Amino acid sequence: MEPKKVFVALHSYELITLLWVAISVFSLSDAWVALAIGLTQHLIFDQFTNPVKLFGYFFTYRALNHFDPRKLLFASRKVNGWQH
């Protein structure tokens, strides 16, 4: 069964950028830096290992494309039982 919409909570370059800015502006603790490093690494790994198009992890791009998987995912890969 193909998904009708692609919603990936917290998987957004915009949100990670805001997190890094908040860390810098508010001098947040090392725990926040560790969280930001982990989230950034996770998103980069997802970008290269999931069948998502180049801008697929930008929330703005997903929203402008109405979260339509046909516009966000590559068409010829099977991941987690879904044919994309």
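Could you please tell me which pairs satisfy a Cβ distance under 7 Å, a separation of 6+ or placement on different chains, a first residue in segment 1-15 that is surrounded by 10 or more Cβ atoms within 10 Å (Cβ to Cβ), and a second residue that is modelled with pLDDT under 80?
Listed by first residue and then by second, the contacts come to Pro3/Trp82.
Being among the small types (Gly, Ala, Ser) and not in a helix (DSSP H, G or I) is the filter; apply it to segment 16-46 and report the residue that is surrounded by the most Cβ atoms within 10 Å (Cβ to Cβ).
Ser29
Quick check on Phe48: is it within 23 Å of Lys4 (Cα to Cα), touching a residue at least 12 places away in the same chain (Cβ under 8 Å) and of a type outside the set (Ser, Thr, Tyr)?
no
Lys71 fails exactly one of the following numbered conditions: (1) surrounded by fewer than 17 Cβ atoms within 10 Å (Cβ to Cβ); (2) at pLDDT 95 or above. What is the number of that condition?
Failed condition: (2).
Pairs only if they're at least six apart or on different chains, beta carbon under 9 angstrom, first in segment 23-41 and over 19 Å from Tyr13 (Cα atoms), second of a type in the set (Val, Ile, Thr) and surrounded by 14 or more Cβ atoms within 10 Å (Cβ to Cβ); list them, first residue then second.
Qualifying pairs under 9 Å: Ser29/Ile23.
Tell me, which residue of segment 47-64 that is under 15 Å from Leu10 (Cα atoms) and polar (S, T, N, Q) is surrounded by the most Cβ atoms within 10 Å (Cβ to Cβ)?
Gln47
The values are calculated or read from the model by the stated rules, or taken from the named source; none is laboratory data. In this text, all values refer to a predicted model and were calculated from it rather than measured experimentally. Don't worry about glycine lacking a Cβ; one is built from the backbone with ideal geometry, like all the others, and counts go over all protein chains shown.
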